[in-house]
């Protein structure tokens, strides 16, 4: 179970612009998703470490974190993203 990373479609991009924004400075922390999260990365770069391997993403990426994922976030460059749960 790994996050899925892709470039957003025009519709996904527009939809994401109405979502709340989350920001976090360079850091490393464990995280568990009890609900699916979809996000659009506005700035920054991060690597999420999962049991199935590492997933890297950054500015312009559309990322879906599956429900039940246990991972470690490693923010290499301050992250700013739109996010949506559910």
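Laboratory data are not the source of any read-out in this text; all were calculated from the coordinates shown. Keep in mind the model is a prediction, meaning the values are calculated, not measured. Positions of Cβ are backbone-derived with ideal geometry, glycine not excepted, and every protein chain shown enters the neighbour counts.
Observations on the structure shown:
- Here r is the Cβ-Cβ distance between residue 31 and residue 11 and R0 is 35 Å; the resulting FRET efficiency, rounded to 0.05, is 0.80.
- With contributions of -39500 (n - 2.57) from each DSSP H run of at least four residues, the per-residue ellipticity at 222 nm computed over the chain stands at -2000 deg cm²/dmol.
- Percent RCO, i.e. relative contact order, over the chain, from Cα pairs under 8 Å lying at least 6 residues apart: 45 percent
- Global geometry of region 1-40, whether rounded, prolate or oblate, following the gyration tensor of its Cα atoms and the 1.5 cut on a/c: prolate
- The spread of Cα positions in the chain, taken along each principal axis and listed from longest to shortest, comes to 32, 25, 19 Å.
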